[in-house]
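These notes are about the structure you will find just below.
The values are calculated or read from the model by the stated rules, or taken from the named source; none is laboratory data. Owing to the predicted nature of the structure, the values given are computational and were not obtained by experimental measurement. For neighbour counting, all protein chains shown are included, and Cβ atoms are generated from backbone atoms with ideal geometry for every residue, glycine included. Accessible surface areas use protein heavy atoms only, side chains included; no ligands, DNA or RNA. Shrake-Rupley method; radii C 1.70, N 1.55, O 1.52, S 1.80 Å.
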Amino acid sequence: MSSAPVPEATKHSSSHDREIVDAKVIVTCPGRNFVTLKIVTRSGVIGLGDATLNGRELAVASYLQDHVVPNLIGRDAGRIEDMWQFFYRGAYWRRGPVTMTAIAAVDVALWDILGKMAGLPIYQLLGGRSREGALVYGHANGRDISETSDVVGQFKEQGFLAIRAQCGVPGVKKAYGISTAGKPYEPAESELPAETVWSTPRYLEIVPQLFERLRADHGPEVELLHDVHHRLTPIEAARLARSVEPYRLFWLEDATPAENQKSFELIRQHSVTPLAVGEVFNSIWDCKHLIENQLIDYIRTTIVHGGGITHLRRLADFAALHQVRTGFHGATDLSPVCMGAALHFDTWVPNFGIQEYMFHSDETNEVFPHDYEFRAGRLHCGESAGHGVTIDEKLAARYPYSPKQLPIARLEDGAMWDW
Ligand code: EZ4
Ligand code: CO
């Protein structure tokens with residue numbers, strides 16, 4: 001009697017084949033620093049996960065190298081949920097940006113492997129396509145209102161439907177988001193933190209003027225966004241949110257620090273400007289009150305800093321119950337590996353809002369070849385199996401790590417403030 005043939009799928013995913021035989025942390029600086037985790041199975045399938053935490057890259061690299069990699073070897077790469085629980089629940093010292101970034105790197109690498117084993121793009125594994133492409137917003141930055149308006153015009157010409165606008169603040173040295181040397185804006189530019197000076201009154205004066213001008217110059221249709229970058233107190237944030245109401249922002253981002261989630265109640269009481277927050281969050285617990293009480297409209301926590309696809313899926317489902325949509329962080333300090341994974345997520349997630357999109361440099365794109373592309377205001381993930389982003393390790397080795405930290409902000413009297 002001959003035995004029944006083994007089905008293809010079973011052949012391709014036996015736990016023996018899926019055993020993790022190698023895991024490696026790659027640190028590279030093609031224009032800026034990135035940390036990448038590469039996991040290899042016995043059958044030779046490779047998965048990549050982004051592990052970049054701007055200005056704290058080596059802390060995550062060490063967490064991975066010293067505490068995660070030794071636990072990966074010999075485990076079944078197909079047990080994605082159990083692996084997540086092992087590194088989260090199994091860690092007595094849980095949560096925090098370093099730990100959650102390391103967990104995200106493992107999680108994304110495992111989803112990449114699962115996709116490759118199944119021969120499917122990650123958005124299919126998540127449940128399939130909900131939309132044709134992910135609406136993205138670009139960054140228009142200018143030294144003054146008029147320059148920002150010109151840059152908004154340039155983004156519109158490139159096909160952008162949504163644009164974040166920031167401008168210099170008279171009397172404020174190095175305003176957030178504004179490049180000094182005519183180069184693309186990169187905040188982490190020096191080995192020790194650059195010192196910037198912050199003035200709330202000057203800022204509150206100029207921002208409504210900026211958006212009044214942008215609506216006058218560019219009409220009612222284009223979606224406009226603005227990032228406060230945690231600089232205001234709750235009542236100041238309420239005032240700003242109210243003063244920009246006539247210009248119909250898509251969102252006002254990080255209007256006040258959110259350690260105290262209740263503080264957003266104050267902004268909500270005074271304004272109908274939509275609110276986004278969460279690029280510095282790393283867990284669902286950081287936004288539980290904000291979401292449950294519908295104090296925000298968009299949650300910005302993204303894959304690399306929030307424990308990967310496995311945790312973000314949980315967060316997005318929870319947000320959906322409260323009409324909160326996703327608006328993932330997508331600055332250049334998140335690598336193309338994170339962007340690739342985020343775009344698969346964006347393509348699937350039912351309560352998608354928007355995706356941030358800053359352009360990576362040519363050097364970065366050469367080190368991380370990828371199949372996502374921008375068309376008519378949207379980013380489209382590719383159809384290759386997994387997340388569609390690879391790494392050229394030889395090229396990566398040519399760009400050694402270069403220590404850089406984010407700036408700090410002080411008030412005009414010298415006291416420390418939130419950057
Ligand atoms: O300052 O990613 O919305 N985007 C942002 C970013 C952050 C950087 C910090 O590493 O706020 O530009
Ligand atoms: Co931001």
**Item:** Cα-projected label distance for Asp144 with Gln323, points at 7 Å along beta-carbon direction, nm
**Value:** 4.2 nm
**Prompt:** Among Ile206, Tyr92, Tyr137, whose Cα lies farthest out toward the positive end of the dipole of the chain, if unit charges sit on the beta carbon of Lys, Arg (+1) and Asp, Glu (-1)?
**Reply:** Tyr92
**Fill in**
With a 23 Å threshold on alpha-carbon distance, the violating pairs from Lys174/Lys404; Lys24/Lys183; Lys116/Lys288 are Lys24/Lys183; Lys116/Lys288
**Complete:** Percent relative contact order for the chain, counting Cα pairs under 8 Å at least six residues apart, stands at 22 percent
**Item:** Where labels lie 7 Å past Cα in the beta-carbon direction, separation of Gln85 and Arg313 in nm
**Value:** 1.4 nm
**Prompt:** Among the helices of the chain (complete DSSP H runs), which have Cα atoms covering no less than 20 Å along the helix axis and a Kyte-Doolittle mean of at least 0.0?
**Reply:** 97-118
**Prompt:** Taking the Cβ of Thr200 as the center, what net charge do the other residues with Cβ under 14 Å away carry, scoring Lys and Arg +1 and Asp and Glu -1?
**Reply:** -1
**Item:** Extension gain, Glu412 back to Ile235 (0.36 nm per residue minus Cα-Cα distance, nm)
**Value:** 61.7 nm
**Prompt:** What's the extension gain from Glu191 to Asp217 if we count 0.36 nm per residue and subtract their Cα-Cα distance?
**Reply:** 5.4 nm
**Item:** FRET efficiency for Ala331 and His16, using Cβ-Cβ distance with R0 set to 60 Å, rounded to 0.05
**Value:** 0.90
**Request:** State in Å² the accessible area per residue of the range 8-121; use a 1.4 Å probe, count heavy atoms of protein chains only, and round to the nearest integer.
**Result:** 41 Å²
**Request:** Determine the per residue accessible area of the range 225-347 with all protein chains present and a 1.4 angstrom probe, expressed in square angstrom.
**Result:** 30 Å²
**Item:** Backbone HN-Hα couplings from phi across the range 41-52 [Karplus 6.51/-1.76/1.60, Hz, Gly and Pro as x]
**Value:** 9, 4, 7, x, 7, 10, x, 10, x, 6, 9, 8
**Item:** Rounded percent of accessible protein surface that carbon and sulfur make up, the chain, 1.4 Å probe
**Value:** 52 percent
